[in-house]
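To keep things clear, I will list the structure first and then write my remarks on it.
The values are calculated or read from the model by the stated rules, or taken from the named source; none is laboratory data. Keep in mind that this is a model prediction, so the values were computed, not measured. Here the Cβ is made from the backbone with ideal geometry for all residues, glycine too, and neighbour counts use every protein chain on show. Side chains are part of the model used for accessible areas, which takes the heavy atoms of the whole protein and leaves out ligands, DNA and RNA. Shrake-Rupley method; radii C 1.70, N 1.55, O 1.52, S 1.80 Å.
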Amino acid sequence: MSEDSDKKVTYQDFYNIKLNKFYEFVTEVMHDFTFTVHRSIKEEENKRRIELWRSSKSEESAMVWIEIAKGDEHIDRYVSSDVLRTMNEEGLTKLFFFTNTDLEDDTRDILDGKNHYIFTPADIIETLEALDMKKMVSRPVKKRKTVKIASGYFVIRNYLKQHPPKGKKVFVNTSTLSDMCDHYVVMTRQILNDVDRIDDINNMSQELKDRFKRVQTKLLPELRKTLYYKFTDRFDYLAQCIYNIQESMIIYIGALVEMESEEELNNSRDRIEKELAVLKEIDGKLEEFYSEQMSKAESLSYRLLYISIGVIVFMAAFFGIMMLKK
């Protein structure tokens, strides 16, 4: 539940809920368990998401399985078997199972076990209410301020004034795009995970603020470096995408440390997640590109073959006529 709203979560909120919205509840519960997302295992759009999460306090890992049911539908009775099979394949023994509907007894019985946590709407509501109570008795929350221009913009502007881009663009080979995109995804996700581990972003210690300021400073040369990237026309959009990620990360960290509005924080985070999704699609885009290149090469080979045959036929006919004349 949002900290700036008194709206309580009700059962109606879970009816026909979108997976992305439901994921916000999942994240809040998981953070209370001191777990943060590590990697995605599988996703079916707006129906299912399976992820590997790790404890921020130990080496413990867990599988988070999110299952969305539409309307008055019930969860398929085979889901519980799928869950246990996937856990076995991933070598995991700890489970967090989240769903937006009630579970039938036989499904719950199969999923139930040691270190298995099952969250239906009733469980989620109860957990979120307990978290709200915990926040109410914790340290007083410092109020975030709304600013006309985020501090991160000034940080970027001042840095680029002192270090203006110079020199020629550097062409990035298409064969390296997958590794490059993966580098930026991993680097960005690690920083976001560090933010997600903060117990209370509104009561950060000065030591923690200084740590994130150092992270922000390290991102500035990365931002400047992206201005030199040059790609083929097909993948030219990646230059802007990577720049946007670095820019939004600097603004996001600035809003976090300088106690700027939650709206600025959320907007920056949304921009980052949107651009990361673009980078994650690169392997599919490359496969499509290489397939098209192979088709073009194959088509060109056939055309050259036909031309060669035509030339041979013409030359044979020409010599044949010449011989007849003799």
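Taking a point 7 Å out from the Cα of Asn115 in the direction of its Cβ, the residues of segment 47-77 whose backbone N falls within less than 12 Å of it are 55, 59-63. For segment 46-84, the list of chymotrypsin sites (Phe, Trp or Tyr not before Pro) that fall in a loop by DSSP and count at most 14 other C-beta atoms within 10 angstrom reads Tyr78. Can you tell which of Glu43, Glu288, Glu260 shows the greatest fluctuation in a Gaussian network model of the chain with Cα springs below 10 Å? Of the options given, Glu288 has the highest mean-square fluctuation.
About the centre of its Cα atoms, segment 37-119 shows a dipole size close to 440 debye [charges on the beta carbon of Lys, Arg (+1) and Asp, Glu (-1) only; nearest 20 debye].
Subtracting the Cα-Cα distance of Glu287 and Lys47 from 0.36 nm times their residue separation leaves 83.8 nm of extension gain.
Quick one: among Asn244, Asn267, Asn158, which has the greatest mean-square fluctuation in a GNM of the chain with alpha-carbon springs under 10 angstrom? Maximum among the listed residues: Asn158.
Considering the chain as a Gaussian network with a 10 Å cut-off on Cα pairs, which listed residue, Ala62, Ala255, Ala277, attains the greatest mean-square fluctuation? Highest fluctuation of the listed residues: Ala277.
Around Val79, with a cut-off of 9 angstrom between Cβ atoms, what is the net charge of the other residues, counting Lys and Arg +1 and Asp and Glu -1? Could the numbers behind the result be given before it?
Details: positive: Arg48, Arg77; negative: Glu67, Asp76, Asp82.
Around Val79, the charge tally is -1.
Compared with the dominant principal axis of the Cα atoms in the chain, helix 237-257 is inclined by about 20°.
Extension gain, Ser61 to Arg157: 0.36 nm times the residue separation minus the Cα-Cα distance gives 30.5 nm.
With respect to the chain, whose longest principal axis is taken over its alpha-carbon atoms, helix 151-162 is tilted by about 40°. Entry note, the chain: the mean residue ellipticity at 222 nm calculated from DSSP H runs of n ≥ 4, each adding -39500 (n - 2.57), is -19500 deg cm²/dmol after division by the residues and rounding to the nearest 500. Counting only protein heavy atoms and using a 1.4 Å probe, the accessible area of Lys169 comes to about 120 Å². Rg/Rh for the chain stands at 1.16; both radii use Cα atoms, and Rh follows the Kirkwood definition. Between the residues Asn115, Met294, Asn267, the greatest Cα displacement towards the positive end of the dipole of the chain, with unit charges on the Cβ of Lys, Arg, Asp and Glu, is found for Met294. For segment 172-247 versus segment 1-80, the inter-centroid distance based on Cα atoms is 26 Å. Treating r as the C-beta distance of Ser178 and Leu131 and R0 as 56 Å, the FRET efficiency rounds to 0.90.
For the chain, with all protein chains in place and a probe radius of 1.4 Å, 53% of the accessible heavy-atom surface sits on carbon or sulfur. Seen against the Cα atoms of the chain and their longest principal axis, helix 206-226 is set at about 10 degrees.
Using 0.36 nm per residue of separation minus the Cα-Cα distance, give me the extension gain between Asp196 and Lys148 in nm, one decimal.
Values: separation 48, 0.36 × 48 = 17.28 nm, distance 2.57 nm.
Taking Asp196 through Lys148 to full extension adds about 14.7 nm, to one decimal.
Label segment 74-169 by shape, choosing from rounded, prolate and oblate, from the square roots a ≥ b ≥ c of the eigenvalues of the Cα gyration tensor; if a/c is under 1.5 it is rounded, and otherwise prolate applies when a/b is larger than b/c, oblate when it is not. Mind dumping the intermediate values first?
On the way: a/c = 3.76, a/b = 1.85, b/c = 2.03.
Oblate, because a/c is 1.5 or more while a/b does not exceed b/c.
Taking K and R as +1 and D and E as -1, what net charge do the other residues with C-beta under 10 Å from the C-beta of Ser248 add up to? Intermediate values should be presented prior to the final figure.
Values: positive: Arg269, Arg271, Lys274; negative: Glu247, Asp270, Glu273, Glu275.
Around Ser248, the surrounding residues sum to -1.
With a 1.4 Å probe and all protein chains left in place, how much accessible area per residue does the chain have, in Å²?
Values: 19930 Å² over 326 residues.
Here the per-residue accessible area is 61 Å².
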